[in-house]
Amino acid sequence: MTNQEKKQSEGPIRIDVGDVLQSRLGKRSARVPRWLIHRLERLICQDKLNEMLRVAYPRRGAEFCQAVIEHLGISVNVKGASNLPVNPRAIFVCNHPLGGLDGMALIHFIASHYGCQPRFVVNDLLMAVEPLREVFLPINKHGAQSRGSLAAIDEAMATDAPVLIFPAGLCSRRRDGRVADLEWRKMFVQKAREFGRDIVPLRFCGENSATFYRTARWRERLGIKFNIEMALLPSEIFKAEGKTFTISVGAPVACRDLSTDSRAETARIRRTVDSLSC
């Protein structure tokens, strides 16, 4: 029996806050009051998440993303599809407004268009989403990279598979009255030059709730470094039920036209993404 067959025979994964606390805290978890555990379960929408995982099982990768999108009744419109290159061997860069659902919509979109599974450079914490591990290329957003992670990214870049990247890493925040990405990292420009991949700019049009942005703003004002607002992202997924989102595709940037100034090219491509219409 293969590892995938074994996983499927075990049934869909389930999220259990109590079990997570016990595994992390050991005997100290007994000190956590039940009312607090119930509050955490409601905060992360544990029951809804488990139902979604059950419905999507045993699908994986892009098929898992499609099942989630259908379960939530979400529609995605595409503008500028004629800009998509015939050859999928490109780096697709996008803003990151939602913090989860946008990534799944992009995986489904690219897989549907090209008929092949993309690879996605993501925060290594997302490897906990087991049905998407075969798509994800994990990197550590808050520390040194392991040789294995860097080698896996280079290996994927050397293939013909499309590669997706959120250059900001973390999802957008509200700044000066508008929702915008945090600082973009320049890695995608460097990899485009190194592996001869064109860059396709994408804009995902959408926003999280006002509660998410208020929480982020107060966390920053209080000087708390831990991203408390990230705990709200599961509820943001379900607040998007029945909505329609738009993905705008910009003209590809040929790798041969990239200058050696990676920071300047990163800023230029980000401006292109920001200028795409919804």
- Query: To the nearest 20 debye, what is the magnitude of the charge dipole of region 124-242 about its Cα centre, counting +1 on the Cβ of each Lys and Arg and -1 on the Cβ of each Asp and Glu?
  - Reply: 660 debye
- Task: Order W35, W184, most accessible first, counting only protein heavy atoms with a 1.4 angstrom probe.
- Result: W35, W184
- Across region 125-138, in residue order, what do the Karplus-derived ³J(HN,Hα) couplings come to in whole Hz, using 6.51 cos²θ - 1.76 cosθ + 1.60 with θ = phi - 60° and x for Gly and Pro? 5, 6, 5, 5, 7, 4, x, 10, 4, 6, 8, 6, 10, x
- Under a 1.4 angstrom probe, counting protein chains only, how are S277, S82, S259 ranked by accessible area, largest first? S82, S277, S259
- Query: Given the options F64, F238, F204, which has the most mean-square fluctuation in a GNM of the chain, springs set between C-alpha atoms less than 10 angstrom apart?
  - Reply: F238
- Query: Hey, what angle do you get for helix 101-114 against the long axis of the chain, alpha-carbon based, 0 to 90 degrees rounded to 10?
  - Reply: 50 degrees
- Task: Give a residue-ordered list of calculated ³J(HN,Hα) values for region 28-42 (Karplus: 6.51 cos²θ - 1.76 cosθ + 1.60, θ = phi - 60°; whole Hz; x for Gly, Pro).
- Result: 5, 5, 5, 7, 6, x, 4, 4, 6, 4, 5, 5, 5, 4, 6
- Message: Between H113 and E41, what's the calculated FRET efficiency when r is the beta-carbon distance and R0 is 45 Å? Round to 0.05.
- Response: 0.75
- Task: Show S29, S112, S75 ordered by accessible area, largest first, where the area counts protein heavy atoms only and the probe is 1.4 Å.
- Result: S112, S75, S29
- Residues whose built amide H sits under 5 Å from the amide H of K79, excluding neighbours closer than 5 in sequence, are I247, S248, V249
- Rounded to the nearest 10 Å², the accessible area of T246 using a 1.4 Å probe with every protein chain kept is 20 Å²
- Query: Using a 4.7 Å Cβ cut-off, which Cys residues in the chain lack a partner cysteine?
  - Reply: C45, C65, C94, C116, C171, C255
- Item | the chain, dipole about Cα centre (Lys/Arg Cβ +1, Asp/Glu Cβ -1), debye to the nearest 20 | 980 debye
- Message: As I understand it, the value is the acute angle between the Cα axis of helix 61-72 and the longest principal axis of the Cα atoms of the chain; what does it come to in degrees, rounded to 10?
- Response: 60 degrees
- Message: Would you work out the Kirkwood radius for region 60-211? I mean one over the mean of 1/r across all pairs of different Cα atoms, in Å.
- Response: 16.0 Å
- Read through the labelled values (i) 21.1, 81; (ii) 19.2, 59; (iii) 21.5, 70 and report the label of the one computed as Rg and Dmax of the Cα atoms in Å from the structure. (ii)
- Short version: ³J(HN,Hα) in whole Hz for each residue of region 226-239, in order, from phi by Karplus 6.51 cos²θ - 1.76 cosθ + 1.60 (θ = phi - 60°), x for Gly and Pro, what are they? 5, 6, 4, 5, 5, 5, 8, 4, x, 5, 5, 4, 7, 5
- Task: Quick one: angle between helix 147-157 and the longest Cα principal axis of the chain, in degrees between 0 and 90, rounded to 10, please.
- Result: 50 degrees
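The values are calculated or read from the model by the stated rules, or taken from the named source; none is laboratory data. Quantities reported herein were computed from a predicted structural model and do not represent experimental measurements. Every residue, glycine as well, gets a Cβ built from its backbone with ideal geometry; the counts of neighbours run over all protein chains shown. Accessible surface is based on the protein model in full, side chains and every heavy atom, while ligands, DNA and RNA are left aside. Shrake-Rupley method; radii C 1.70, N 1.55, O 1.52, S 1.80 Å.
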